[in-house]
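Here the structure is laid out as structure tokens; the discussion comes afterwards.
We did not get these values from a lab; they are worked out from the coordinates using the rules stated. If you're wondering where the values come from, they're calculated on a predicted model, not measured in any experiment. For neighbour counting, all protein chains shown are included, and Cβ atoms are generated from backbone atoms with ideal geometry for every residue, glycine included.
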Amino acid sequence: MNLHARPALFLWILLLFISGGIVANMTMTTDLTALLPRSADHRQELLVSQLRDGVAARLILIGLSGADGEALAQASRTIARKLRDTGLFASVNNGDPADFTVIREVLMRHRYLLSAAVTPEHFSSTALREALERQLQFLASPAGALMKAALPSDPTGELPHILAAFTPGEGPSMHQGVWFSRDGTRALLVAETSAPGFALDQQESAVQAVRTAFASAGLPEQAHLVMTGPGVFAVESRATIQRDSWRLSVIAITVVTVLLFMVYRSATPLLLSLLPVLTGLLVGVAAVQTWFGFVHGITLGFGATLIGEAVDYPAYVFTQGIAGERLQQTLSRVWPTLKLAVLTTVFGAVSLLFSSITGLAQLGVLAFVGVLVAGFVTRWILPALPPGIIRSAPHQLLPVTWLSALASANRVRWIVWVAALLALATLAVRHEDIWDNDLANLSPIASPSKSLDEQLRKDLGAPDVRYVLIIEGSSKEEVLQRSESSELPLRRLVDDGLLAGFDLPSLYLPSDTSQRKRQAALPPSDVLAASLVDAVKGLPFRAGLFEPFLHDVEMARTSPLIDIVNLQQTPFFLKIRSLLIRTGDAWSGLVPLRHVTSPAALADRLAREAGPGLTFLDLKSEAGRLVNGYRHESLRLTALGVVAMAILLWWGLRDTAMVSRVMLPPLLAILFVVTLLTVIGERLSLFHLVSLLLVLGIGLNYALFFNRPFANEEEKRRTWLSLTVCMLATLSAFGALAFSRTPVLHAIGLTVGLGAAGSLLIAAILGQQRVSQ
């Protein structure tokens with residue numbers, strides 16, 4: 001070991017020690033929304049907050065089938081009780097009337113502030129008389145026994161009125177005292193987890209708790225449990241990706257290891273080849289943790305892919321070696337070109353550092369630091385480690401004459417340019433088919449699972465959540481008042497057939513102003529008693545029967561106003577929390593719209609008739625707009641990265657013609673890959689875009705080595721061997737991913753595999769190999 005190597009080794013060991021300590025204590029998150037932009041408009045912030053913390057993201061829909069109705073109903077009650085006991089769920093509902101006792105008590109306590117029917121005229125002797133006559137009719141009906149118990153305290157029927165307002169849509173069917181599907185074959189439950197929907201570890205615990213409760217519910221073996229919901233799908237997605245990643249990684253690593261061992265014919269260079277990429281990954285992850293305070297699992301996976309290019313760096317060195325030559329001597333020949341390869345990738349990653357998208361910014365830090373460190377290890381650490389000498393030249397196992405044939409095909413270069421023009425024309429014609437803005441298409445969840453989720457939501461009477469109104473205000477009170485004032489225009493829209501129904505936050509929690517008006521409408525006890533005496537004349541009610549009614553009205557006149565916490569023991573607490581949202585200092589109300597028949601006509605009517613602070617929103621389109629904005633920003637930053645690469649290449653090569661020969665192959669390969677994917681119907685997502693960055697880095701490496709001057713024919717042959725080995729290793733790794741059923745992995749594998757192969761082929765056809773005389 002020479003004296004110059006010692007500082008490098010010391011720095012390397014110090015980096016490993018510090019980075020290892022940081023990574024050992026890093027914060028890993030799987031919350032998908034942690035990857036979203038640090039800044040967005042209010043609607044996007046609201047959308048993101050609901051993805052992260054919204055009640056809808058916490059819901060698990062549960063279905064039980066495969067047994068008779070009585071057994072399923074009993075199992076539903078057992079499972080609900082056991083899930084509540086776990087402490088993992090904020091609420092578990094199955095429609096059991098036994099749970100209605102607490103609900104009834106809460107609603108009865110606050111009924112005069114909740115009921116929109118409460119007006120001064122509501123307690124006149126005439127109105128009371130009409131209410132009592134209706135009660136007599138109810139008492140004579142089959143449901144009379146149920147009404148009889150509530151009659152002394154609620155002769156005006158406020159509780160039924162409130163319940164009718166609280167359940168404006170079609171609710172689930174009731175069988176055996178619990179919720180069932182329409183056909184009576186599946187018992188239904190709805191559980192809200194305490195943890196956010198994308199806190200996957202906690203969601204996985206909740207899903208497992210449901211499975212455990214089902215297993216101990218005493219159902220026959222043929223009974224079947226189904227679950228859907230954002231958290232369930234997120235857990236399934238992670239498991240699917242992990243299974244695919246593990247299986248395909250084993251295949252890829254095995255193939256690459258066998259390939260390199262057949263070329264090197266020694267385990268030593270094979271093991272040494274791992275040091276640059278492993279060191280780069282470790283230090284890169286530590287840099288992300290230090291910069292952002294957390295590392296996302298997807299960032300780690302993508303980052304490992306991006307700096308996977310660094311696996312090629314040792315391959316360029318070891319395949320260039322001559323038997324008996326010191327590794328330092330080999331590097332002195334290869335390093336000028338390899339240095340440019342490293343720096344172009346680093347400069348490309350710099351542009352990502354400025355992204356407002358947290359995920360891309362994390363990728364930029366990881367790629368920037370990781371590739372830079374991998375280059376450092378290749379240049380300064382590998383020569384300092386034993387044996388330090390190339391004991392045997394790489395085995396000429398792989399034929400490289402195919403590259404020679406391509407490099408000699410000067411007369412067919414026009415084919416590349418014609419193909420490029422055709423590709424540009426194709427993209428110009430089909431430009432609307434290039435990008436995929438639908439987030440649902442990125443989901444690895446199978447179609448049957450999506451269909452099951454739709455069916456469960458339909459059975460539960462859940463509204464279509466695509467179309468909503470957003471009510472904005474500076475305070476909760478302002479939002480609730482605007483919600484109340486929008487009820488009449490919305491009812492007119494229902495009458496006109498533009499939608500089937502809606503859900504307002506003010507239906508469940510009236511504004512303070514409305515509550516005070518209702519309190520003011522409650523008459524003093526002596527006035528109410530006199531009106532009641534007139535109302536009961538000639539009716540078969542015994543004296544003193546309605547004393548509880550008089551008492552409750554008097555109590556309500558001076559009771560505190562209702563807030564969200566007063567509904568905490570009811571399922572309506574879940575509803576109001578999902579419809580009334582605080583984001584920072586602002587408040588928003590969500591109004592789900594059911595069965596919208598004409599979105600354009602509805603939006604036009606709302607713009608003309610609704611009051612201030614109301615915005616009609618198509619959540620699917622808004623999500624697409626969000627993704628579209630991310631993509632435009634990513635494209636701008638990628639373009640800046642390409643410009644930075646070109647400037648760096650000109651600085652290193654000092655030859656404009658050479659820069660164009662190096663830049664064109666990967667850029668043309670990207671053009672051809674995008675065209676091919678568009679033609680076969682594969683729309684591009686952000687995953688494809690990030691993968692194209694890797695194609696650019698790999699393609700530049702190929703072009704740099706293809707266009708470097710060679711000392712002799714033997715060095716040219718070794719370079720072609722290097723390029724062949726690197727391309728086959730890339731195809732092995734990413735080709736395996738292309739066969740994945742997971743959209744993320746499939747997108748990466750297909751894009752990088754095609755792009756790497758295309759880059760090398762085009763570099764061979766367009767390149768100029770110069771052998772020194």
Quiz item: What is the extension gain from Asp201 to Leu271, computed as 0.36 nm multiplied by their sequence separation minus the C-alpha to C-alpha distance, in nm to one decimal?
Solution: 21.7 nm
Quiz item: Sorting His161, His688 on the 10 Å Cβ count, fewest up front, what's the list?
Solution: His161, His688
Quiz item: Compactness ratio of region 188-298: Cα Rg over 2.2 N^0.38 Å, N = residue count?
Solution: 1.63
Quiz item: Residues with amide H under 5 Å of Gly473's amide H, sequence separation 5 or more or different chain, H placed in the peptide plane at 1.01 Å from N; which?
Solution: Trp587
Quiz item: Which ³J(HN,Hα) values, rounded to whole Hz and listed in residue order, are derived for region 632-647 from phi using the Karplus coefficients 6.51, -1.76 and 1.60 in 6.51 cos²θ - 1.76 cosθ + 1.60 with θ = phi - 60°, glycine and proline given as x?
Solution: 4, 5, 4, 5, 4, 5, 5, 4, 4, x, 5, 4, 4, 4, 4, 4
Exercise. Largest first and to the nearest Å, give the Cα extent of region 446-514 along each principal axis.
Key: 47, 29, 18
Quiz item: Fewest first, what order do Asp655, Asp585, Asp459 take by the number of other Cβ atoms within 10 Å?
Solution: Asp585, Asp655, Asp459
Practice problem: Just add up the charged neighbours of Arg683: K/R +1, D/E -1, any other residue whose Cβ is under 12 Å from the Cβ of Arg683. | Solution: -3
Quiz item: Which number gives the lysine pairs in the chain that have C-alpha atoms under 22 Å apart and are eight or more places apart or on different chains?
Solution: 9
Quiz prompt | For the chain, average projected area of the Cα convex hull in nm² | solution = 40.3 nm²
Quiz item: Taking amide H positions as placed 1.01 Å from N in the peptide plane, with prolines and chain starts having none, which residues 5 or more places from Phe180, or on another chain, fall under 5 Å of its amide H?
Solution: Ser173, Met174, His175, Leu188
Quiz prompt | Compactness of region 504-569 - radius of gyration and Dmax, Cα, Å | solution = 15.1, 43
Practice problem: In nm, give the distance between the simple-model label positions of Val226 and Ser525, each being 7 Å from the Cα along the Cα-to-Cβ direction. | Solution: 5.6 nm
Practice problem: Report ³J(HN,Hα) in whole Hz for each residue of region 468-475, in order, from the Karplus equation J = 6.51 cos²θ - 1.76 cosθ + 1.60 where θ = phi - 60°; Gly and Pro get x. | Solution: 9, 9, 10, 9, 10, x, 7, 8
Quiz prompt | q = 0.13 Å⁻¹, region 69-179: log10 I(q)/I(0) [Debye, one scatterer per Cα] | solution = -0.65
Exercise. Pop a pseudo-label 7 angstrom from the Cα along the beta-carbon direction at both Ala500 and Arg430 and give the gap in nm to one decimal.
Key: 3.8 nm
Quiz item: If one takes the longest principal axis of the Cα atoms in the chain, at what angle in degrees, from 0 to 90 and to the nearest 10, does the Cα axis of helix 686-706 lie?
Solution: 0 degrees
Quiz item: Using modelled amide H (1.01 Å from N, peptide plane; none on Pro or chain starts), what sits under 5 Å from the amide H of Gly66, excluding residues fewer than 5 places away?
Solution: His224
Self-check item: C-alpha long axis of helix 476-485 to longest principal axis of the chain, angle in °
Solution: 70 degrees
Quiz item: Per 10 Å bin, what is the whole-percent P(r) computed from every C-alpha pair distance within region 681-773?
Solution: 17, 43, 25, 12, 3, 0
Quiz item: For Arg182, Arg457, what's the fewest-to-most ordering of other Cβ within 10 Å of each Cβ?
Solution: Arg182, Arg457
Quiz prompt | Length-normalised contact order for region 253-378 - Cα pairs under 8 Å, 6+ apart - percent | solution = 38 percent
Exercise. Could you go through region 529-535 in sequence order and give the Karplus-derived ³J(HN,Hα) for each residue, using 6.51 cos²θ - 1.76 cosθ + 1.60 with θ = phi - 60°, rounded to whole Hz, and x for Gly and Pro?
Key: 4, 5, 5, 5, 4, 5, 6
Practice problem: Quick one, can you get me the convex hull of the C-alpha atoms of region 542-594 expressed as volume per residue in Å³? | Solution: 156 Å³
Quiz prompt | Dipole axis of region 491-599 (+1 Lys, Arg; -1 Asp, Glu on Cβ), positive-most option in Pro560, Ile576, Val591 | solution = Val591
